[in-house]
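Below is one structure; the comments refer to it alone.
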Amino acid sequence: MKILLAEDDRVFQVLLQRVLVKWGYEPVIAGHGEEAWQQLSSEAGPRIAILDWVMPGTDGLEVCRRVRSANLPHYVYIILLTGRKDANDLVAGLAAGADDYLAKPVNLDELSHRLRAGCRVLESEGRHRMFAEIASDGIAMMEQGRIQFANRAVGMIFGYGAHELIGLAFSELAPGFERRLEKVNARPALSNLSDNVRSWPPIEINGKHRSGRELFLEVSFCESMDSSHRTVLAAMIRDATERRVLEGQRVQAQKLESIGQLAAGIAHEINTPIQYIGDNGKFLEDAFRELMGLLGSLRPTPGSDDTDIEYLKAEIPKAIGQLLQGVDHVARIVRAMKEFSHPGPVDKQPLDINHAIECTSLISKNEWKYVADLTTDFAPDLLPVPCLAGEFNQVILNLIVNAAHAIGDVVGQSGDKGIIHISTRRHGTSAEIRVSDTGTGIPEAIQSRIFDPFFTTKGVGKGTGQGLAIAHSVVVQKHGGTIGLESSSGSGTTFVIQIPLGCVMEEV
Amino acid sequence: MLLDLAMDGSPGLIAELIEAFRTDTQLRLKQVSRALEDGDQTSIRAAVHSIKGSAQQMGANAMSSMCLDIERTVGDLSAVQVSRRVKDLETEFEEVCHSMATFPVVPPDGPHGTICGSGG
């Protein structure tokens, strides 16, 4: 272990250097206070210092004070060396921050034991530091809102090096945490700690990664008064962003599943009556045509008004035609609903994505029809794509709904309509789906964040900020594809999804 | 303890300490004479204080008490009186050096004390 020996007297330099080496320490000699301070404040500098009180220039007492006020990332154990034996001097030395005190002439036995005591303190500190460093949760200590200590995990959560965090205001990492703390009642003092301790149950607060990414944190705070009556706030920080995303997705998935089940049931119930309405309509159409033939061969009754008959002859087939058209439309929606809500296989199956997109746009029609027309341009020769059908449909649905909202923001209540255009094509070894809208566009400044969970620009009730995050996770993680966007503020957005065709081509 | 050190792997230590004491003290005594000429009591006190520390550590107890005396009285005595005491200190230092040069022949309880490793 390195020991700094700050002493300008040659006799003590020689004597102490020799004994320290003999005891297995690694002495580092400083001839004056400034040199001592340089050594102690350097990162790999000694952690134990023997400082002579009287030195030219910066004396030992001043070095002590500097070490204590500098908030070094490591503790420095200081033994003050002096010929002064007065009790007041001793008090002054300890008040300046010395841990121990050794009188001249130096009793080497005494020194060796005092050094061992110092080593014990440092070892104990080292053990606690080690626990803090291996913890996967962030552990930070703050004084007046500024970070005095932070373990590696804090750095990893927020994207900083551990040393960069020292001195940083915690509110920069978790804006508004103090207001949140005020709202939550502190628990009474922990029974095994002193009375000066207040702790809070874990609270959920938002954090900010260095990159600007939103974080969702679960933090336990504990406030205590240290020996110098300074208030120290300790925080145990857990990054719950991923967990919250998964929870959000699970809730969303469950909601969709129950809606899906309901829809499948309703679709099934509607299907049967629709079928006999359709069949009967067709029967009436045929029957009326035959009836008309029969009617034509009859001679008109003298004096009767033919105009009624003529009117009915013209209008009834039209009415039946519209009836059949309507029924066909309903039948298609019901079929699309059934297909969309079908839970689908748990592993990827070849999917006709053109058809899937058609179904999805049909069932989401209510979302867009008042603000936009939806046009499609599907590549007819597109191979089936290995897909989780249900999740793929959800991605398309999310994009269509987003597109409709973006266009809605532009057209408002004006009655004008924008265009949602969906196209598919083969792009190398992938299928490419482009969903374009003529909406507001996405400002460049936030483009990098739109796939972040909970990031939303929509008002309350319009979106949870999950849609694009889910789309991203489905496309990228579950299908090995990519999702990106081409957009500029004011001229609409195009989302471009590419899903590899690869496996299906091998499998087929 | 210092002797243990000398016997146990640090054979040159005693000689080195004596040399350090000799050169350091010579230097400080020069500072004292210069300060005497300038009438700078603070510097006299500081230099004598340093000499006292190492003298004590080396076991030169007579020297260290002479230092203490000067340190305490420098403000009250006349320049001539201080100068006489410094002269005495220089003489004592020469004698100590002479005795040390014959170490370890010097008996442990010799006239000027011994090198003090286990403190006093």
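Can you find a residue that is surrounded by fewer than 17 Cβ atoms within 10 Å (Cβ to Cβ), in contact (Cβ under 8 Å) with a residue 24 or more places away in the chain and closer than 22 Å to B:L17 by Cα anywhere in the range A:69-86? No; the residues of the range A:69-86 include none that is surrounded by fewer than 17 Cβ atoms within 10 Å (Cβ to Cβ), in contact (Cβ under 8 Å) with a residue 24 or more places away in the chain and closer than 22 Å to B:L17 by Cα. Note on the range A:112-136: residues that are hydrophobic (A, V, I, L, M, F, W, C) and under 30 Å from the mean Cα position of the chain (by Cα) amount to 5.
Scanning the range A:1-12 for residues that are more than 7 Å from chain B (Cβ to nearest Cβ), within 20 Å of A:A103 (Cα to Cα) and not small (G, A, S) gives A:I3, A:L4, A:L5, A:E7, A:D8. Condition (residue is closer than 22 Å to A:N107 by Cβ, among the aliphatic types (A, V, I, L, M) and within 14 Å of another protein chain (Cβ to nearest Cβ)) applied to the range A:37-49: is it met by at least one residue? No, there is no match, as no residue in the range A:37-49 is closer than 22 Å to A:N107 by Cβ, among the aliphatic types (A, V, I, L, M) and within 14 Å of another protein chain (Cβ to nearest Cβ).
The single condition among (1) part of a helix (DSSP H, G or I); (2) within 14 Å of another protein chain (Cβ to nearest Cβ); (3) closer than 17 Å to A:A6 by Cα that A:R84 does not meet is (1). Looking across A:G97, A:G57, one residue alone is in contact with a Lys or Arg (Cβ under 7 Å, 6 or more places away or on another chain) and outside any strand (DSSP E or B). It is A:G97.
Cβ-Cβ distances below 7 Å connect the following pairs, each with a first residue in the range B:46-72 that is more than 11 Å from every other protein chain (Cβ to nearest Cβ) and under 14 Å from B:I18 (Cβ atoms), a second residue that is assigned to a helix (DSSP H, G or I) and among the small types (G, A, S), and a separation of six or more residues or different chains: B:M63/B:A55. If you filter the range A:218-242 down to residues that are without any contact (Cβ under 8 Å) to a residue 12 or more places away in the chain and among the charged types (D, E, K, R), you find that the one that is farthest from A:G159 (Cα to Cα) is A:D226. For the range B:23-38, the count of residues that are touching a residue at least 24 places away in the same chain (Cβ under 8 Å), surrounded by fewer than 22 Cβ atoms within 10 Å (Cβ to Cβ) and at the interface with another protein chain (Cβ under 10 Å from one of its Cβ atoms) is at least one. Going through the range A:58-99 one residue at a time, which ones are modelled with pLDDT of 85 or more and on the phi > 0 side of the Ramachandran plot? Hit for the range A:58-99 is A:G97, nothing else. Scanning the range A:338-359 for residues that are of a type in the set (V, I, T) and modelled with pLDDT under 90 turns up just one, A:V346. A:Q252 falls short on exactly one of the conditions (1) in contact with a helix residue (DSSP H, G or I) (Cβ under 6 Å, 6 or more places away or on another chain); (2) at pLDDT below 80, and that condition is (1). If only residues of the range A:427-442 that are of a type in the set (V, I, T) and over 28 Å from the mean Cα position of the chain (by Cα) are counted, the one that is nearest to A:N402 (Cα to Cα) is A:T438.
The set of residues from the range A:1-36 being closer than 25 Å to A:V121 by Cα, free of Cβ contacts under 8 Å to residues at least 60 places away in the same chain and in a loop (DSSP other than H, G, I, E, B) comprises just one member, A:G24. Among helices (runs of 4 or more DSSP H) entirely within the range A:361-473, having at least 3 residues that are more than 24 Å from A:G490 (Cα to Cα) and in contact (Cβ under 8 Å) with a residue 12 or more places away in the chain singles out A:389-411. Residues of the range A:233-243 include none that is surrounded by fewer than 12 Cβ atoms within 10 Å (Cβ to Cβ), under 30 Å from A:E43 (Cα atoms) and at pLDDT 85 or above. The set of residues in the range A:163-179 that are surrounded by fewer than 17 Cβ atoms within 10 Å (Cβ to Cβ), in contact (Cβ under 8 Å) with a residue 60 or more places away in the chain and not in a loop (DSSP other than H, G, I, E, B) contains only A:H163. Give the residues of the range A:409-418 that are among the small types (G, A, S) and at pLDDT below 90, sorted by residue number. Within the range A:409-418, A:G412, A:S414, A:G415 qualify. Comparison of A:V21, A:V54 shows that the only residue that is modelled with pLDDT of 90 or more and surrounded by 13 or more Cβ atoms within 10 Å (Cβ to Cβ) is A:V21.
The values are calculated or read from the model by the stated rules, or taken from the named source; none is laboratory data. Keep in mind the model is a prediction, meaning the values are calculated, not measured. With ideal geometry, Cβ positions are generated from the backbone for all residues, glycine too; neighbour counts draw on all protein chains shown.
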